[in-house]
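Below: one structure, written as structure tokens.
The values are calculated or read from the model by the stated rules, or taken from the named source; none is laboratory data. Please read all numbers here as calculations on a predicted model, not as lab measurements. Heads up, the Cβs are rebuilt from the backbone with ideal geometry, glycines too, and the neighbour counts pull from every protein chain shown. Areas reflect the complete protein model, heavy atoms only, side chains present, ligands, DNA and RNA absent. Shrake-Rupley method; radii C 1.70, N 1.55, O 1.52, S 1.80 Å.
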Amino acid sequence: MADPITLLLDVPSGWAGHWAGPLSELLPGARLLRQDEGPIDTARVDYLITFRPRKGLIASLANLKAVFSLGAGVDGILADPDFPRDIPLMRFVDRSLSRELAQYVVMHVLIFHRGQRYFDAAQAMNKWRQRPLLRPTEDTRIGILGMGEIGTMCAERLRDLDFPVTGWSRTRKSVTGVESFSGAGELAPFLARSDILVCLLPLTPETKGILNAKTFALLPRGAFVINAARGGHLIEADLVEAIDTGHLAGATLDVFQHEPLPADSVLWNHPKITVTPHIAAITDPRAAARAISEGITALERGEPAAHRVNIARGY
Ligand code: NDP
Ligand code: OXD
């Protein structure tokens, strides 16, 4: 009898239980190994399921056929110098993930646009303080960096709330009611018309540090920044400086250079910065198990799996 397919589930301790059930249900003939269940026979592993593999893990898997990312972003996997560039790497793409991230972005756009923090502060003082919107919706221009699976859904949701929306991507897009800018040459005019800038780019050598002092200087005075992509996109000190000098109105950050965000980071207590702990969209184990089982079934048949990452491009 042929050996069963062997999967290694590499998730933070405490999370494996959420993943093991749906995977075993959808791949009943497979052997599922878990890091939290003792030593692993690494030579047997065919498929690795991971998000940020610890150093040395991939190098130890001599017979690996493919890797499935538990997230949409694969920077944590590609950062491993031992990742074998000739095997397929699949990322997680699902409507549930895009929808959650779109909800996060819409919520933080509206909190800023409607001045909700002002009313929270008034409530804390038992004060009845009315105030109109600082800027009409039609004049609040939103710019989305990254018009992929997630950026496109965010753009559509914000457009449907009557905000003027533009997107910036490597290639030009055609999304109804959303103006498209593309390539490095069109970044400056895109930024100049972004009163709220939302970053939804993958982290690659080209996009690393893209949210920096130069970028912020190109935004209109009073602009607001939302980073829900990766901490590596943002130069945190440049953001704080741009807010403290009054050029930017504030920011919402879900992702950080160092995660968990260190307790002594100035970002925690900055009055104009909202911090959330990388929860803008959390992968649904059932949806991911479905995608992984479909991917493994295709690969075992010798067919391509969906959402294969272009390793040279980095996303
Ligand atoms: P996609 O790969 O679908 O989209 C990426 C977009 O970025 C594309 O439009 C692409 O352009 C554009 N892009 C990439 N490189 C460049 C560049 N150098 N210049 C201009 N545009 C560029 O990714 P997703 O939408 O699925 O996900 C985006 C990111 O969101 C993930 O990589 C991850 O980091 C982050 N994320 C964060 C989560 C959280 O909880 N905070 C949850 C999920 C994702 P083109 O279309 O032309 O190729
Ligand atoms: C992802 C994430 O990339 O959760 O999916 O950050």
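Taking Cβ atoms as reference points and 11 Å as the exclusive limit, the residues near Glu179 contribute a net charge of +4, counting Lys and Arg as +1 and Asp and Glu as -1.
Here's how it looks for Gly71: its modeled amide H is under 5 Å from those of Phe92, which are all 5 or more places away or on a different chain.
Comparing mean-square fluctuations of His113, His233, His258 from a GNM of the chain with C-alpha springs under 10 Å, the top value falls on His258.
How much net charge surrounds Ser96 when only other residues with a Cβ under 14 Å from its Cβ are counted (Lys, Arg +1; Asp, Glu -1)?
Computed value for this residue: 0.
Kindly state, to the nearest 0.05, the FRET efficiency for Lys65 paired with Ala237, given R0 = 45 Å and r defined as their beta-carbon distance.
Working: r = 43 Å, r/R0 = 0.95.
Efficiency at R0 = 45 Å is approximately 0.60.
3J(HN,Hα) couplings calculated from phi for region 290-301 with the Karplus curve 6.51 cos²θ - 1.76 cosθ + 1.60 (θ = phi - 60°) are, in sequence order, 4, 4, 5, 5, 5, x, 5, 4, 4, 4, 5, 8 Hz; Gly and Pro show x. Across region 95-275, C-alpha contacts under 8 Å between residues 6 or more apart give a mean separation that, scaled by the residue count, equals a relative contact order of 16 percent.
Report, in listed order, any pair from Lys173/Lys208; Lys65/Lys214; Lys65/Lys208; Lys127/Lys214 with a Cα-Cα distance greater than 31 Å. Mind showing how you got there, number by number?
Working: Lys173/Lys208 22 Å; Lys65/Lys214 43 Å; Lys65/Lys208 29 Å; Lys127/Lys214 39 Å.
Checking Cα-Cα distances, Lys65/Lys214; Lys127/Lys214 exceed 31 Å.
Among the chymotrypsin sites (Phe, Trp or Tyr not before Pro) found in region 210-279, those both in a DSSP coil and sparsely packed, with 14 or fewer other Cβ atoms within 10 Å of their Cβ, are Trp268.
Could you provide, to the nearest whole Å², the per residue accessible area of the chain with probe 1.4 Å?
Numbers: 15680 Å² over 315 residues.
With all protein chains present, the chain gives 50 Å² per residue.
Can you grab the distance from the C-alpha centre of region 242-283 to the C-alpha centre of region 162-237, Å, no decimals? About 17 Å separates the Cα centre of region 242-283 from the one of region 162-237.
Measuring nothing but protein heavy atoms, the accessible surface of region 95-275 at 1.4 Å probe radius is 54 percent carbon and sulfur. Taking every DSSP beta bridge that has both ends in region 95-275, the antiparallel portion is near 5%. Can you list the aspartates and glutamates whose alpha carbon sits under 15 Å from that of Lys55, skipping same-chain ones fewer than 8 residues off? Output for Lys55: Asp10, Asp75, Asp80, Asp82.
Could you compute the net charge surrounding Tyr315? Neighbours are other residues with a C-beta less than 15 Å from the C-beta of Tyr315; K and R count +1, D and E count -1.
Working: positive: Arg85, Arg91, Arg170, Lys208, Arg230, Arg308, Arg313; negative: Asp75, Glu149, Glu206.
The answer is +4.
Angle check, please: helix 95-113 long axis (alpha carbons) against the longest principal axis of the chain (alpha carbons), in degrees 0 to 90, nearest 10. Here the helix axis deviates by roughly 20 degrees. Taking θ as phi - 60° and the Karplus parameters 6.51, -1.76 and 1.60, the scalar couplings of region 176-189 work out to 3, x, 10, 6, 10, 10, 9, x, 4, x, 9, 5, 4, x Hz in sequence order, x denoting glycine and proline.
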